Amino acid sequence: SFLLEVTCITPQYYVSGPIIVKLLSDGHSIAAGVFEFINRPQILQIFPSNGGVQGGSLVRVSGSGLTGVTTCRFGTLGIVPAKVEDDNRLSCTSPASISPLDVLMGLSHNNQDYVTSNVVFQYRAEPRILMIAPSYGYFSGSKDLYIVGENFNDSKK
């Protein structure tokens with residue numbers, strides 16, 4: 001007994017589901033196995049669409065063909081496990097980035113072949129407060145605060 005390796009390319013197929021793959025020798029079937037065509041996953045949108053460079057943002061993905069997706073790819077920054085809720089929803093946690101940048105999201109069913117979308121996840125520098133004035137106030141409230149800092153993009157008042 002010895003191992004034999006054969007490489008072939010799948011033809012274009014128009015329906016999802018299993019097919020029988022046969023290995024032929026002189027026109028006779030000598031072995032058979034099953035290969036399954038699946039729908040390509042599609043990302044329609046993500047929420048949130050941005051997170052800090054430190055990573056750790058839980059990103060919710062909505063789309064189609066998500067059943068069976070095992071991993072999410074954030075550009076070239078990293079591959080993380082996907083948690084599939086149903087065929088239209090999954091979530092994954094963003095890996096860290098060394099700097100603010102935009103990356104394309106990708107999904108895979110087999111941890112090898114990734115379908116990349118045009119949906120962008122934005123890494124942003126973490127907001128930082130440098131000063132708050134005044135630094136105290138009374139219990140009654142209604143005091144305006146002056147806050148100085150950096151990286152306050154899209155921050156709410």
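The values are calculated or read from the model by the stated rules, or taken from the named source; none is laboratory data. The structure displayed is predicted, hence computed values, not measured ones. Positions of Cβ are generated from backbone atoms using ideal geometry, with glycine treated the same way; all protein chains shown enter the neighbour counts. Accessible surface is based on the protein model in full, side chains and every heavy atom, while ligands, DNA and RNA are left aside. Shrake-Rupley method; radii C 1.70, N 1.55, O 1.52, S 1.80 Å.
Taking all protein chains as present, what is the carbon and sulfur share of the accessible area of the chain, in % to the nearest whole number, probe 1.4 Å? After summing per-atom areas, the C and S share lands at 54 percent.
Listed values for segment 20-30 are Karplus-derived 3J(HN,Hα) couplings in whole Hz (6.51 cos²θ - 1.76 cosθ + 1.60, θ = phi - 60°), namely 8, 9, 10, 9, 10, 9, 6, x, 10, 6, 10, and x replaces Gly and Pro. The HN-Hα couplings worked out from phi for segment 41-52 by the Karplus form 6.51 cos²θ - 1.76 cosθ + 1.60 (θ = phi - 60°) are x, 10, 9, 8, 7, 10, 8, x, 8, 8, x, x Hz, whole numbers, x standing for Gly and Pro.
Accessible surface computed residue by residue for the chain, with neighbouring protein chains in place and a 1.4 Å probe, gives 75 Å² per residue.
Taking the inverse of the mean 1/r over every pair of distinct Cα atoms in the chain gives a Kirkwood hydrodynamic radius of 19.5 Å.
Cα-based radius of gyration for segment 1-88, normalised by 2.2 N^0.38 Å, reads 1.59.
Annotation: extensible slack from ILE19 through LEU130 equals 33.7 nm (criterion: 0.36 nm per residue apart, minus Cα-Cα distance).
The value of relative contact order for the chain, using C-alpha pairs under 8 Å at least six residues apart, is 17 percent.
With θ taken as phi - 60° and the Karplus curve 6.51 cos²θ - 1.76 cosθ + 1.60 applied, the whole-hertz 3J(HN,Hα) list for segment 115-129 is 9, 9, 9, 9, 7, 9, 9, 9, 8, 10, 5, 5, x, 9, 8 Hz, x standing for glycine and proline.
Between ALA31 and ILE9, the C-beta separation translates, for a Förster distance of 25 Å, into a calculated FRET efficiency of about 0.85.
Database remark: amide H of GLU85 closer than 5 angstrom to the amide H of LEU90, SER91 (H placed geometrically; neighbours at sequence offset of 5 or more, or on other chains; Pro and chain starts carry no H). Length, then width, then depth: along the principal axes, the Cα atoms of segment 36-85 run 38, 18, 18 Å. Contact order, relative form, for segment 47-128: 35 percent (alpha carbon pairs under 8 Å, 6 or more residues apart, mean separation divided by residue count).
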